[in-house]
Structures are given as C-alpha cells and as structure tokens.
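To keep things clear, I will list the structure first and then write my remarks on it.
Only the coordinates and a few stated rules stand behind these numbers; no lab work does. Computed from a predicted model, the values in this text were never measured in an experiment. Because the Cβ atoms are built from the backbone with ideal geometry, glycine has one as well, and the counts that use them run over all protein chains shown.
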Amino acid sequence: MDIPQSASLPPLKNLFQDAWTAFKRSIYNLFMLALVEVAGLVLIVAVAVLVGLVFGLSGLLAKGPQAANAAAYYGQHPLSAVGLVIFFLMTIIILIYFLTATVIADVLILADEQKTLSALPALKKGFRLVVPVTIADLVVALLIFGGMTLFLIPGILFSFLFTFVKYEIILGNRSWPEAFSSGAAVVKKHFGDIFVRFIVFIFFYFIMVLAIPNLLKQLLPNAAALIGFYSFIVYLCIGWFALAFNITLYKQAKAATPKDERLSLTGPVIIAVIGWLMFFLIVGLLTKTIGSRAGRLFDRSSKRRMQPLLNTRVSSFQKSDTLAQEFMDKMNAYRTNRRLKPYEEDSSLCAFAQRRLDELTQRGSFDSYKGFYEAIANPQIVKAYFADFGLIGERVWTLTNSLTSGSEVLNAEVNAKTFNPAKSVVANPAYTHACVKSSSLFLIITTGQHK
C-alpha cells in the first residue's frame, strides 16, 4: 500500500477497502495461526498438569485425608510450597508469553501485503518481539492509570495518544522508548482524522455485532439457526477485521507523517506521576480513615461481645481461687484439731499442681493419676518441681453438684469408708508442705515432705 506523504489521510472509504483487502488476503494464515495457538495452549496446560501431578499437585487437588496430608506436608516443608508457587507463576508467565507472541504474529500477518509470511514464521518473529511489546504495554498502562486518576480525561487522551506504540515496535522496527515518541507523534499529527475513524468503526462494530442480529430476530423469528450462524461468523472474524482496520489506519497515518516527527513525553509522564502520587495519597488517607473507624468499631464490638465472657471467666477464676483457699483453710484446721502441723504453701508444689490441673482440664476427665505417676518418674520434672522434697503426694477430686465448697470436699474425703489418715494427703503427718488448685471441674492438692 503506497500512500504519498500528505497533510491528511485518505478517505474513510479507502480505509475500509484496504482493511477488507488485508483481511481477505490474510484469513487463511490467520486461521492456521489460530489452530497453532489452540494446540500450543493445550500443550502448555497438559505439560503443566503433568509436571504438577508428578511434584505433588494431586495432593492439593484431592479431598479428605489425602488433602489434609498434602497440606500438612507443605506446612512442614515450606520450600516445597514455595517451589509449587514458583511453578504456577512460571506456567502463567509462559502462557502470557505465548499469547502475546500470537497477537504479534496476527499483526505481522495482516501487515504483510506480499503474503509471504505464514503462521509459523510469523509466530517465530513474534516471540522475538514479546519483551519490548510487553514493556511498552506495561508503560502505557501505567501512564493511562496515572492519567485516569488525575480527573479521568488525561487517561482517556493517553489511551488514544499511544494507540500506535505497539505497531511502531512490530512494524516500524523501533525500540520501545523510541516507539512512544514516534507513535504518539503520528496520532498527534492526525488527531482529528484518527479520532473520527475510530468513532466510525465503533458504530460499524455496533451495527455488525448487535444491531443486525436483533433486526434479523425481528424480521425472521423462525430463523434462529441462520441468525446463530451469522453471529458465529461475525464473532469469529470481527476481531481480525478490527485488527486489520487499526493496522491499515496506522499505515495511512504513518505514511502521511514526516519521518523525523517526534513528540516529547515530558508532559504525559509528569501528569501520570502526579496521578500516581494522588492515587497513593488517596489510598493512604482512605486506609487510615477506614482502618481507624474499623478499629474503633471492632474495639467497641469486641468489648460488647467479650465482656460477658470476661465476666464469666473472672467469676470462674475467683470462684476457683476461693474454693482452693477454703479447702486449704479447712484442711489445716482439720490437721490442727488432730495435733498435726498445718501445711505450708510452696511455690514449686503450686506450679506442679497448676500443671496437673491444666492437663486434667484439657483432657476433660480424671486420668486415674496417670499423669502424676509419669511426672514423678521423669527426672527432669522431679528436678524442676520437687528438688527440695523427698516424698510427693497428690489427690484429685472431681467436682459435682454435691461438691461445691471446701467444706463439702473435705467432709466427703474424711467421711469416706476408705479413708485412712495415715495414707491420706489430708491427714498424713509425713507431709509438711502443700498447694491446692481448683477449676470448675477439679480440685487438686499436691503435697510434699521437705528434705
């Protein structure tokens, strides 16, 4: 397509004719490239699934005990979990890389006026251009987002201004920094003409995709199959024709622009930077405001929800402490009446009694002194808790409705038919120190004979 350099673009009719010619000329190679794209996607996904199954992905996809085992394995082997995450990221990167190459290949095929470029050579060339095209797309996205943040209109202008940057890299053989200034210069040179042509194509797209199918449904209510076939063909081809339209428009605008035409990017960059700064400022203020309000609401809600529980726990602790102290007092009074020395409280015995109480409370039932016997058989525990004692004893009562006070527990102990003062921790004269602990379920006493 040879277009003499001029100040204006060819008529709109020529644009549609040239785009249609490019579309018809390239349809076979585009279709073959689409088949290659499908085959490539299937291959990438199949390889990813196969590798994932080999390296344990099946465990994460499973249900029941197998999934639990896999979760436990990755919890214990964080490097394996990191490797799996890296594998997923690599798979996504490969997919993006491949799809970007196919899009570039579409552009190369549609721009090939001599019809010398087939699907595979175009794809091969597309792979070489993936990196600069991707960098350019990311930079354009950053500029557009920054412009959108700054009162919306600059972002819309940037999305239009940098329309041809990708084509400058693919078809103009420019580096991505050069493509920005040269591509933007082409759009600026013919801003009005390009804008009108885009608007016309949007109307054309609307008519082909929406208006005509709806009109056919009204005129031919019984021709659903025909309308469906039309919609299928349109959806299949409209994307390729839209790409042919953009490429043809780029060629016409490029040919009508002086080769040394460049546009300074200082203004767009400054606007985008200001937009990004505003974005971070707004996000920071919103985060601080929402976080502060949420924190206050959470504190109030938590206090309302937790206060009854805290009150219950405080009451339970107070009751437990009262019960333990009452039993200690009653037991010492009992010993005094029988001319036995009252027990002295010892911190080491208290620590062990609390440990045993926690064990029983967590268990939820009495362990028949199994934990006590295991403890006194453990040299480390004996050294930690009983270094100053030669004889150790323990007694546990399971609290019931009939055992709610220290007096009731003591009476139940000394009035039992099996009560033996010489063996009971309550009246055994050999013990010199003791500590009593209690909860809502148990009352426990640990006694010791000081060396």
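Descriptive notes on the structure:
- In nm, spacing of pseudo-spin labels at LEU50 and LEU226 (7 Å Cα→C-beta vector): 4.8
- Put a plus charge on the Cβ of each Lys and Arg, a minus charge on the Cβ of each Asp and Glu, and nothing anywhere else: the dipole of segment 316-450 about its Cα centre is then about 360 debye.
- Computed over segment 12-264, the convex hull of the alpha-carbon atoms projects to a mean area of 19.7 nm².
- Each residue, ILE86 and VAL36, gets one label point 7 Å from its Cα in the Cβ direction; the gap between the two is 3.2 nm.
- Whole-number D in µm²/s for segment 220-266 (Stokes-Einstein; Kirkwood sum over Cα pairs; 20 °C, 1.002 mPa s): 153
- The distance between label points at ALA141 and SER264 comes to 3.0 nm (points 7 Å beyond Cα on the Cα→Cβ vector).
- Neighbourhood charge, 14 Å Cβ-Cβ cut-off, centred on ILE144 and excluding it, Lys, Arg +1 and Asp, Glu -1: 0
- Computed across segment 377-416, the Kirkwood hydrodynamic radius from all distinct Cα-Cα pairs reaches 12.6 Å.
- Computed extension length for TYR28-ALA412: 128.4 nm, one decimal, from 0.36 nm per residue of separation with the Cα-Cα distance subtracted.
- Residues TRP20, TRP276 in ascending order of nearby Cβ atoms (within 10 Å, fewest first): TRP20, TRP276.
- Efficiency of FRET from Cβ geometry, TYR373 and LEU215, R₀ 51 Å, rounded to 0.05: 0.05
- Difference of contour (0.36 nm per residue) and Cα-Cα distance, ASP321 to PHE280: 9.3 nm
- Pairwise FRET efficiency - ILE156 versus ILE94, Cβ, R0 = 35 Å, nearest 0.05: 0.55
- By other beta-carbon atoms within 10 Å, ranking PHE279, PHE327 with the fewest at the front produces PHE279, PHE327.
- One decimal place: the segment LYS188-ILE233 gains 12.7 nm when fully extended, by the rule 0.36 nm per residue minus the C-alpha distance.
- Summed side-chain charge close to TYR373 - residues other than TYR373 whose Cβ falls under 11 Å, Lys, Arg +1, Asp, Glu -1: -2
- Helical segments meeting 18 Å axial Cα length and Kyte-Doolittle -1.0 threshold in the chain (DSSP H): 12-54, 78-111, 119-149, 176-189, 191-206, 224-255, 266-337, 347-363
- Counting other Cβ atoms within 10 Å as a rough exposure proxy, the listed residues ARG197, ARG363 run ARG363, ARG197 from fewest neighbours to most.
- Gyration tensor analysis over the Cα atoms of segment 316-450 returns equivalent ellipsoid semi-axes of 21, 19, 14 Å (largest first, whole Å).
- Taken over the chain, the percentage of Cα pairs per 10 Å bin, counting from 0 up to the bin with the maximum distance, is 4, 13, 14, 13, 11, 8, 7, 8, 10, 8, 4, 1, 0.
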